[in-house]
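No lab work stands behind these numbers, since they all come straight from the coordinates. Keep in mind it's a predicted model, so treat the numbers as computed, not measured. So basically every Cβ, Gly included, is an ideal-geometry build from the backbone, and we count neighbours across all protein chains shown.
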Amino acid sequence: MIRASVVPTVLILLAGCGGADKSLPPAGATKPASSAPAPQQAAAAKPAEAAKPVPYPKDQGTAVVAGKITFTGKGEPEWSQPIDMSTHQDCAKLHGDKKVNEERLVVGANGELANVLVFVSQGAERYTFQPAKEPVALNQTGCRYEPHVFGVMVDQPIKITNSDATVHSIHAWPKKNADFNFTQAKQGQVDEKSFDTAELPVPIRCDVHPWMQCYAAVFEHPWFAVTKADGSFEIGGLVPGPYTLTFWHEKLGQQTQTFEASAGQKAQLSIVFAGK
Amino acid sequence: MKGVVLMLAGLLVGVAIGALAFSFASKKALPDASPSPAAAPMASEQQVAKSGPAEKPAEVDESKWKELPGFIGPLRPVKAPADNPTTDEKIELGRMLYFDPRLSGNGALSCASCHNPGLGWSDGLAKGIGFQHGELPRSSPTVLNAAYYKSQFWDGREPTLEMQAKGPMTAAKEMNSTAEKVTAVVNSIPKYKEMLTKIYGEANFESVAKAIAAFERIVVDQDSPFDRYVRGDENAIGESAKRGLDIFTVKGKCTSCHNGPNFSDDKFHNIGVGDADRGRIEITKKDEDLKAFRTPTLRNIALTAPYMHDGSQKTLRETIEHYERIPKEKEKHPNLSALMLDFTLTEQEKQDLEAFLHTLTGDKRDPRINVIPDLPPVAPAK
C-alpha cells in the first residue's frame, strides 16, 4: 500500500520517537505510521524529548563494533538433535545417510555461539537511513533455510529461492507487518518479498516441512549482524557516540550492552550466554 | 413449520451447551496479544472492540504455549473493522435479524435456516435447501468462527462479513429478497427502525448487513480441548488424539493448508473434490484457480458433517481417505495443488487422526449467542 510515499515519513518518525519510548521492543520498533502524528507536528510537540534526527552522515560512519559470543552450559536436546525426515522422503533422499541437525542452538567446540542476532537498539534513532536496495537472500536448500536468522531493513527486498527439487510453502508469521505465504513448487523458483515495519522476530516457516523454520528481524537502520559459526560479529559504519547493542537468540533470550563508538576505532565486546 | 421446529430444537441444544460452557467460562483466560520473546506465534496489538461483560481478555503468557507446526493453537479475539466496532446493542439487534425470516422474499427463511445453531451453525446437509425448497449449488458452511476468515464463501468472493451478509438475502436461490424489500421490511418494524437508525444513522439494507455481521463476530469459540492442551493442560486430550496431532502436522502434512489458529491458510487450493463446480476461477479468471476452494477451518469439524463444498464426504474417515487417495491419482486431477502430497496411514493412524480432529470442537461460547431472540412485531396498520 502506497509504500513509496509513506516510507520516508516513517523513518523520520521512528528516529524521533524511538529513543523516548522505553517500553518499545528493542528492535528499533515503532508505532505504526497511521497512529502517529505527522512528522512536523511530532518534532514541534516534543522538542525536549529527542533531538530531531538527521540524515545519516556517511562520512562520519567510521566506528566499528565487533566481538565474539560464547555459550556455556547445556541447551535442550531437541534444539540441536538430528531431524527425523522419514515422513518426508522428498527431503530425506536429498541427504542420503547424512543426518541434518536442528539449528535452534548451534554451538562450536569451544562454545562459539552462532545465529545470535546483534543489533543497535539505542543510538540509531539519531539518524535517518535510506532503505537498502540490495536484496537479502533466503535460500531453501536441503529442506533447511539458509540463513537461519537474518536481519533486513524496512522495505529491503528479500529474495527467496527454492533450490530443492521439491515443493516448499514459505509462510511468514509477523505481528506488525503483513504476513506472506506462498508455494514454491519448482526448483529454482525465486520470489521477492519485503516488510514495511520494524519487527523482531518474524518467524518464517515452511508449511510442508515442519522442522523448517528461520527468523527475520526488520530494522529501520542497517546496524545489525548475525554471529557466524565462530561466534563472531562485526557492525561497521557507526557514527561516534554512545550506543546500546542487543543480542537476541531464539532460544536463549536476549541481553544488552552499552558501548561508546569512537572515530576510526573498533570496539571489542565479548558476550556470554549461560545455559543450564 | 417443520423448519421452525427443527430450528428451535437446535436452539435448545445450543442453550444447554451454552449454559454448561458458561459455568467455567469466567475462569478461562482468553489468549491475547502479549508478545513472547522467542518464536512468537501470530498475534498483534489487536484492537478488540469491547462489547460486553462476557469476554474480558486477560493477560496471558503465550510463551508457555506449546509451539506447534503451522502455528496451530488458540485463537486470539476477533478483530472488528474500524467502521463497525462490536457493541452490545449491535449484537442484540444482529441476533434478531439473523433469526428473522421476514428478511426473506417469502417470509420463510432466515440465516438460521441454513446456519442453525443446533446443527453446528450449518444445516447438516450436503447441499443447502433454499428458496421454495430448491437445492443450492454448494454446501452451507458453518458460521462459527467465520469471523476469522480473510475472505468469505467457498470461493472467497466477498472479503468481509458485512459484504457477505448481503449475498444470501438477495440471492434468488437463497432468501430471494431485494435490497429495497429488506429496507422496507425493517422500516415496517418499529424496533428495527429505531435501533438501526440509532446505531447506524439509517435503517436500510446496508445497516442490516452490518448488524448481522456484528452478531456473527461473537459466533466464535476460542476454547476446545486442543486449545487447553496447547496452553499446557496435558490431560485435555487423550493419547490417541496426541498421536493424531502428530500425524496431522507431520506425516499427513495437513498443516500445509490447515494452519494458523483457525486451521485455515485463507488460501485457495484444488484438492480434487467435485466435478462441475469450477470454484475460484469464476472469480479470478486465473487458470491456477480452477476448482480451487478456500481452505475451511477445521474447528468444530465434528459438528458439521457432511464435508467439502459439495458435501461429498460424509464422514471424517472418508475425508482422511480422500487425502490418501487423491495424490496417488494425480493425473486424474488437472491443476491439483502441489501441496497435495502422498502419504499412507495405518488403520490405527486414521483413528488417531480422527480422534485429534474431534478435539477441535469448542466448548466455550459467548452466552449471548445462545439466546433465542423475541422477534419484534410490525407496526399496526394505520
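Per-structure values
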{"quantity": "Counted charge near B:Tyr192, where neighbours are those whose Cβ lies closer than 15 Å (Asp, Glu -1; Lys, Arg +1)", "calculated": "+1"}
{"quantity": "Cα-based equivalent ellipsoid, region B:225-358: semi-axes from gyration tensor eigenvalues, Å", "calculated": "27, 16, 13"}
{"quantity": "In nm, spacing of pseudo-spin labels at A:Lys58 and B:His133 (7 Å Cα→C-beta vector)", "calculated": "7.9"}
{"quantity": "Per DSSP, loop trypsin sites (Lys or Arg not before Pro) in region B:216-314 with at most 11 further Cβ within 10 Å", "calculated": "B:Lys285, B:Lys286"}
{"quantity": "Pairwise centroid distance, computed over Cα atoms, of region B:134-163 with region A:105-150, Å", "calculated": "41"}
{"quantity": "Globularity index of region A:130-220, i.e. its alpha-carbon radius of gyration over 2.2 N^0.38 Å", "calculated": "1.00"}
{"quantity": "Sites B:Leu125 and B:Gln351, calculated FRET efficiency, Cβ-Cβ separation with R0 30 Å, nearest 0.05", "calculated": "0.65"}
{"quantity": "Eligible aspartates and glutamates near A:Lys93 by straight Cα distance, threshold 14 Å, same-chain separation 8 or greater", "calculated": "A:Asp84, A:Asp164"}
{"quantity": "Theoretical FRET efficiency, 1/(1+(r/R0)^6), r = Cβ-Cβ of A:Lys276 and B:Glu329, R0 60 Å, to 0.05", "calculated": "0.75"}
{"quantity": "Pairwise label distance in nanometres, B:Met163 with A:Asp191, each label 7 Å out on the Cα-Cβ vector", "calculated": "2.1"}
{"quantity": "Fraction of beta bridges assigned by DSSP in region A:129-276 that are antiparallel (%, nearest 5)", "calculated": "75"}
{"quantity": "Taking region A:130-220 and dividing mean pair separation by its residue count, relative contact order in percent (alpha carbons under 8 Å, at least six apart)", "calculated": "32"}
{"quantity": "Förster-model FRET efficiency, 60 Å R0, B:Leu290 and A:Ala229, C-beta, rounded to 0.05", "calculated": "0.80"}
{"quantity": "Karplus 3J(HN,Hα) series, Hz, for region B:261-276 with 6.51 cos²θ - 1.76 cosθ + 1.60 (x for Gly, Pro)", "calculated": "x, 9, 6, 9, 7, 6, 10, 10, 9, 8, 10, x, 9, x, 10, 6"}
{"quantity": "For B:His322, net neighbour charge (Lys/Arg +1, Asp/Glu -1) across residues whose Cβ lies under 15 Å away", "calculated": "+1"}
{"quantity": "Flagged links, alpha-carbon separation over 31 Å, of A:Lys176/B:Lys314; A:Lys175/B:Lys350; B:Lys291/B:Lys350", "calculated": "A:Lys176/B:Lys314; A:Lys175/B:Lys350"}
{"quantity": "Coarse-grained scattering of region B:81-203 at q = 0.11 Å⁻¹, given as base-10 log I(q)/I(0) from a Debye sum over alpha-carbon atoms", "calculated": "-0.38"}
{"quantity": "Over 28 Å between alpha carbons, listed pairs A:Lys159/B:Lys330; B:Lys79/B:Lys166; B:Lys79/B:Lys285; B:Lys210/B:Lys267; B:Lys267/B:Lys328; B:Lys173/B:Lys253", "calculated": "A:Lys159/B:Lys330; B:Lys79/B:Lys285; B:Lys173/B:Lys253"}
{"quantity": "Euclidean distance of C-alpha centroids, region B:235-260 and region A:180-249, integer Å", "calculated": "29"}
{"quantity": "Residue-count net charge about B:Gly70 - beta-carbon cut-off 12 Å; Lys, Arg +1, Asp, Glu -1", "calculated": "-1"}
{"quantity": "Aspartates and glutamates with Cα under 15 Å of A:Lys68, excluding same-chain neighbours fewer than 8 positions away", "calculated": "A:Glu112, A:Asp230, A:Glu234"}
{"quantity": "Relative contact order (%) - region B:225-358, alpha-carbon pairs under 8 angstrom, separation at least six", "calculated": "31"}
